[in-house]
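Trainee: The structure follows.
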Amino acid sequence: MGIPETWLHPAIEAALNAINAWPVAMTGDSDPPYVIYRRETTLRELVLQDTLSGTPVADENPPVATFTLEILADSYLQAKQMANAISGALHRFTGPADGLTIDWCLQDDERDAEAVFLEGREVPTYIVEQTYRVSWSEGS
């Protein structure tokens with residue numbers, strides 16, 4: 001079974017002209033700018049196949065995952081520009097992607113997070129957080 005991360009990761013990096021995207025945590029020795037993404041939830045509708053047997057089976061509706069992106073940059077303006085580029089690439093996307101079909105991707109939210117001081121740096125790092133919902137199915 002395919003996962004939408006196989007589409008999401010390269011889509012983020014392509015939108016930002018090869019700025020790195022990392023799943024869950026930044027795992028390199030890199031200063032901003034970069035993006036961290038993680039899957040928060042996956043909703044799957046379940047129905048009872050037969051009320052007598054009580055066996056749950058996946059419904060005809062595809063799963064819907066919620067992803068949070070943290071966009072980290074050296075300036076507030078750079079973080080906002082990166083957020084706009086990502087939104088332009090992901091919001092309302094549909095189509096085949098690496099053995100999957102992305103049925104739809106919608107941006108739910110965007111917010112400014114508190115600026116942070118990363119270890120070893122004396123300048124603030126600005127963060128914009130975005131939330132997307134993605135529905136997908138197998139096949140392209």
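The values are calculated or read from the model by the stated rules, or taken from the named source; none is laboratory data. Note that the coordinates shown come from a computational prediction; the quantities given were computed from them, not determined experimentally. Because the Cβ atoms are built from the backbone with ideal geometry, glycine has one as well, and the counts that use them run over all protein chains shown.
Trainee: So the check is Cβ under 6 Å with 6+ separation or different chains; which pairs have a first residue in the stretch 29-55 that's modelled with pLDDT of 95 or more and in a loop (DSSP other than H, G, I, E, B) and a second one that's among the polar types (S, T, N, Q) and surrounded by 11 or more Cβ atoms within 10 Å (Cβ to Cβ)?
Mentor: 32/125
Trainee: Restricting to the stretch 90-140, name every residue that is within 15 Å of residue 37 (Cβ to Cβ), hydrophobic (A, V, I, L, M, F, W, C) and in a loop (DSSP other than H, G, I, E, B).
Mentor: 93, 113
Trainee: Answer with yes or no whether residue 111 is farther than 16 Å from residue 9 by Cα, touching an Asp or Glu at 6+ places or on another chain (Cβ under 8 Å) and at pLDDT 95 or above.
Mentor: Yes; evaluated as a whole, the condition is true for this residue.
Trainee: If I go through the stretch 92-103 residue by residue, how many of them are without any contact (Cβ under 8 Å) to a residue 60 or more places away in the chain and surrounded by fewer than 15 Cβ atoms within 10 Å (Cβ to Cβ)?
Mentor: So the count comes out to 4.
Trainee: Further question on the same structure: Give me the residue from the stretch 60-84 that is surrounded by 15 or more Cβ atoms within 10 Å (Cβ to Cβ) and of a type in the set (S, T, N, Q) and, out of that set, farthest from residue 123 (Cα to Cα).
Mentor: The extreme case among them is 66.
Trainee: Here is a check on your reading of the model: is residue 18 modelled with pLDDT under 85 and surrounded by fewer than 13 Cβ atoms within 10 Å (Cβ to Cβ)?
Mentor: Yes; evaluated as a whole, the condition is true for this residue.
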